[in-house]
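The values are calculated or read from the model by the stated rules, or taken from the named source; none is laboratory data. Computed from a prediction, not measured in an experiment: that's the story for all the values here. FYI the Cβ positions are ideal-geometry reconstructions off the backbone, even for glycines, and counts take in every protein chain you see.
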Amino acid sequence: MPYDFSLSSGVLANGRTTHYAQLNGTNEKKFTFAFRTMYDGNVGLYNTQVSGVPVYNPVDYMPEFGFWAKFIYPTAMAESQGAYTCLNTYDKAKFTFSFMQYAAHVPNGDFVRFFKKLLALPNATDYFPKLILKDSRIFYKNSNGTLSQLETDLSTQELMDYLNPSLQEVESQELICAARMVHWATNDTNHRRIQVETAIHHFKANMVEYNKRFKLNGVPAKVCQMICDIRHQGRGMNDRIANALNTNGNYNLAFTNLCSIGAANYSQRINTVRSTITKLLNDGSFNKKYDSASNSFISI
């Protein structure tokens, strides 16, 4: 049977509206899944809390993914402090979720790939009973069985509208979709594993492309990671990165140069990535260099 959630809200002492959900028919406690916010004239939800929710620990995934589990960690910390329940519904993407903030507005993008994997899980009908996969596409199935395709190679508009009908107000559909995703991520290890798998697949594919552009064979992991983070966030373009790498093999200088890209507007994020990399270097787990032949990282 599909899960049925009771939704409620309250206003905290600081004036912030908090949204709660409780899974009906169980002894589960009510949980906070989002807060109301306004952004650039839009109204939506966000959830960045890390207290009491599962948080990404790369050690948990190293048996399956090896060093790549560590490689994505600095970006995960910058995106969400590693919180698997990170959510926002207030910008042009309309629905963004996961510890790496997968955004629903990109056709065939990371959110679409991630969500398709979720919908293939056995318990997907518990959370999204009206969504199905058909011919590798996401469809909405209405009460009479008619199917409506929600995403294509060109657009995810229908999928975005299903998850979040508008940016003018917080609607009940937006709330229930957010509550479902937060509950699912909190309670299902398969959901969290798919978040991680999607991130690692994305970064591995990106490293192949970045190597073609920047010739990264033999380049230390810290430099490669900062390149990946810059492009993941979009705070710098390839020409800036290429200029930063033009140091005649002085990778410490290259890393410093990369850290300066976007620093005027994103210093906090850059500091998070840099400090996380430093911790990994200090514990000896990030002393790797890129091997382009195998698309992997090997010991320096």
For the structure I just gave you, tell me whether A69 is of a type outside the set (D, E), at pLDDT 95 or above, outside the structural domain of D283 (by TED's automatic domain parsing) and within 30 Å of I300 (Cα to Cα).
yes
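What do you reckon, is I138 without any contact (Cβ under 8 Å) to a residue 60 or more places away in the chain and either β-branched (V, I, T) or not in a helix (DSSP H, G or I) (or both)? Please lay out each step first, then the result.
On the way: without any contact (Cβ under 8 Å) to a residue 60 or more places away in the chain: yes; either β-branched (V, I, T) or not in a helix (DSSP H, G or I) (or both): yes.
For I138, the condition - without any contact (Cβ under 8 Å) to a residue 60 or more places away in the chain and either β-branched (V, I, T) or not in a helix (DSSP H, G or I) (or both) - is met.
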Scanning segment 248-292 for residues that are of a type in the set (A, V, I, L, M, F, W, C) and over 23 Å from M100 (Cα atoms), the one surrounded by the fewest Cβ atoms within 10 Å (Cβ to Cβ) turns out to be L253
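Can E174 be described as touching a Gly at 6+ places or on another chain (Cβ under 9 Å), assigned by TED's automatic domain parsing to the domain that holds E28, farther than 25 Å from Y61 by Cα and assigned to a helix (DSSP H, G or I)? Give the steps one after another, and end with the answer.
Values: touching a Gly at 6+ places or on another chain (Cβ under 9 Å): yes; assigned by TED's automatic domain parsing to the domain that holds E28: yes; farther than 25 Å from Y61 by Cα: yes; assigned to a helix (DSSP H, G or I): yes.
For E174, the condition - touching a Gly at 6+ places or on another chain (Cβ under 9 Å), assigned by TED's automatic domain parsing to the domain that holds E28, farther than 25 Å from Y61 by Cα and assigned to a helix (DSSP H, G or I) - is met.
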For segment 219-240, give me the residue count where each residue is over 16 Å from T256 (Cα atoms) and either of a type in the set (A, V, I, L, M) or not assigned by TED's automatic domain parsing to the domain that holds N250 (or both).
1
Taking A34, is it at pLDDT 95 or above, crowded, with 19+ Cβ neighbours inside 10 Å and more than 21 Å from the chain's Cα centre (by Cα)?
no
Taking E197, is it surrounded by fewer than 20 Cβ atoms within 10 Å (Cβ to Cβ) and at pLDDT 95 or above?
yes
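Go through segment 41-53 and give me each residue that's at pLDDT 95 or above and surrounded by fewer than 20 Cβ atoms within 10 Å (Cβ to Cβ).
Once the filter is applied, which keeps residues that are at pLDDT 95 or above and surrounded by fewer than 20 Cβ atoms within 10 Å (Cβ to Cβ), segment 41-53 yields N42, V43, Y46.
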Let me spell it out: the conditions are (1) over 15 Å from M181 (Cβ atoms); (2) in contact with a Phe, Trp or Tyr (Cβ under 6 Å, 6 or more places away or on another chain); (3) of a type outside the set (K, R), and V106 meets all of them except one. Which number is the exception?
(2)
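Can you pull out the residues in segment 8-21 that are more than 12 Å from V182 (Cβ to Cβ) and under 25 Å from the mean Cα position of the chain (by Cα)? Break it down into steps so the answer makes sense when it comes.
Kept after step one, since they are more than 12 Å from V182 (Cβ to Cβ), are these residues of segment 8-21: 8-18.
Hits for segment 8-21 are R16, T17, T18.
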